Amino acid sequence: MTLLHACDWLAATRWSTSLRESTYAYPAVESVHVLTLCLFLGLTIAMDLRLTGVAFRRLPAREMVARLQPWIRPGFAVMALTGSLLFLANPTTTITHRAFQVKLVLLTIAGLNAAIFPRGVYRSPAHWATAAGPPLAARIAGGVSLAAWTGVVAAGRLIAYEFLRPVS
Amino acid sequence: VWTFAEWCQQSAIGEAVRHSLWAFPLVESVHLLGLALVGGAVLLVNLRLLGWILAGVPLADLARDAERALIGGLVIMLASGFVLFSSEAEKMYGNSAFRTKMLCLAAALLFTFTIHWRVVHSDEQRVSGVTRRLAAAISLLLWSGVGISGRAIGFF
């Protein structure tokens, strides 16, 4: 299969090998990946809680979304970069892992949701700026985001476990 | 403390998690989700204290809901953390990263619910900018310590 061949080729590159065999670099990248969860997912959860109307109802939704984005985006960039490096270190074993495959699907869902959300909802949030309940579209966007990211975290954690890897 | 660790290790929870394939990773996932909740709430309030986000929003409005998220997240983390600990309590007893984490956690909790709490809840005009920034910096430092040493447990 071509995808597996590409992964095998990637695994043989110097970058992949040195990262995989490093004493400190790999655990360091892994630690950054996990701890950036606070910055990226923590603030995303706060934003989603506002979108669903569960919490932060006193804060204007538009302002909250606009002010948190500049922190969430770099957080996502760090997540994506460190995540890519972790994949680079073990491409073949990762891509064949069930949990990683599930994680990719959930990431796609979360990504599509984030891409669609601004067009449908964020364009006119002025009228639900404060106390009034958010429109249904915002609640759905927030709910989908919360559910998808919860799954991404769980699937991500499971990648570390061997028993989920299909025996080849 | 060693007796406590032994008791945890031999408890039904400890036994069950140790002998199950799925339990440890799933509880770990829950622990990580709690991390996001706690980390997000801590960041939200501290970045606001530093004046880096949402400067136009009253601190009290932000803090009220952030504290609910923090306490909810802490309950999730402490509960799932206790389960994880129970499954390998005797190993954790001698783990230096785990010990560091518990020290940082105690300090972070103490600071958050005493000095930090007072800074957040006093009248914004009456607390100097330096005090607010200092409280935010100490809080961020202590919670980072908990997170970093927590991740390090797996490396020792």
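The values are calculated or read from the model by the stated rules, or taken from the named source; none is laboratory data. None of the values given here were measured: they were computed from a predicted structure. Methodologically, a virtual Cβ is constructed for each residue, glycine included, from the backbone with ideal geometry; neighbour enumeration extends over all protein chains shown. Each accessible area value is taken on the protein alone, full model and side chains, heavy atoms only, with ligands, DNA and RNA left out. Shrake-Rupley method; radii C 1.70, N 1.55, O 1.52, S 1.80 Å.
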- Task: Please indicate, with yes or no, whether at least one residue in segment A:34-51 is open to solvent by 40 Å² or more (accessible area, probe 1.4 Å), of a type in the set (A, V, I, L, M, F, W, C), touching a Leu at 6+ places or on another chain (Cβ under 9 Å) and within 27 Å of B:VAL45 (Cβ to Cβ).
- Result: yes
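Looking at the structure I just gave you, is A:LEU3 surrounded by 13 or more Cβ atoms within 10 Å (Cβ to Cβ) and within 24 Å of A:VAL152 (Cβ to Cβ)? Walk me through it before giving the result.
On the way: surrounded by 13 or more Cβ atoms within 10 Å (Cβ to Cβ): no; within 24 Å of A:VAL152 (Cβ to Cβ): yes.
In short, no.
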- Checked against (1) within 14 Å of the chain's Cα centre (by Cα); (2) modelled with pLDDT under 90; (3) not aliphatic (A, V, I, L, M), B:ARG64 satisfies every condition except (1)
- Failed item, numbered, when B:THR3 is tested on (1) within 12 Å of chain A (Cβ to nearest Cβ); (2) open to solvent by 70 Å² or more (accessible area, probe 1.4 Å): (1)
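Looking at segment B:79-108, which of its residues are in a helix (DSSP H, G or I) and open to solvent by 50 Å² or more (accessible area, probe 1.4 Å)? Show your work before the answer.
So in segment B:79-108, the residues in a helix (DSSP H, G or I) come out as B:79-87, B:89-93, B:96-108.
B:ALA79, B:PHE82, B:GLU90, B:LYS91, B:TYR93, B:SER96, B:ARG99, B:THR100, B:MET102, B:LEU103, B:ALA106 - these are the residues of segment B:79-108 that are in a helix (DSSP H, G or I) and open to solvent by 50 Å² or more (accessible area, probe 1.4 Å).
Any residue at all in segment B:116-139 that is within 14 Å of another protein chain (Cβ to nearest Cβ) and open to solvent by 20 Å² or more (accessible area, probe 1.4 Å)?
Taking every residue of segment B:116-139 in turn, none turns out to be within 14 Å of another protein chain (Cβ to nearest Cβ) and open to solvent by 20 Å² or more (accessible area, probe 1.4 Å).
Please find, among A:ILE72, A:ILE109, the residue that is buried (at least 18 other Cβ atoms within 10 Å of the Cβ), farther than 30 Å from A:THR17 by Cα, at pLDDT 90 or above and of a type in the set (Val, Ile, Thr). Show your work before the answer.
On the way: A:ILE109 fails: buried (at least 18 other Cβ atoms within 10 Å of the Cβ).
The unique qualifying residue is A:ILE72.
So that you can scan it fast, the table gives a plain yes or no per residue for (1) facing chain A (nearest Cβ under 7 Å); (2) in a helix (DSSP H, G or I); (3) within 18 Å of B:SER122 (Cα to Cα):
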| residue | (1), (2), (3) |
| --- | --- |
| B:SER29 | yes, yes, no |
| B:GLY39 | yes, yes, no |
| B:LEU44 | yes, yes, yes |
| B:ARG48 | no, yes, yes |
| B:ILE53 | yes, no, no |
| B:VAL57 | yes, no, yes |
| B:ASP61 | yes, yes, yes |
| B:ARG64 | no, yes, yes |
- segment B:12-23, subset out of contact with any Ser or Thr (no Cβ under 6 Å at 6 or more places or on another chain) and not aliphatic (A, V, I, L, M), residue nearest to the other protein chains (Cβ to nearest Cβ): B:TRP22
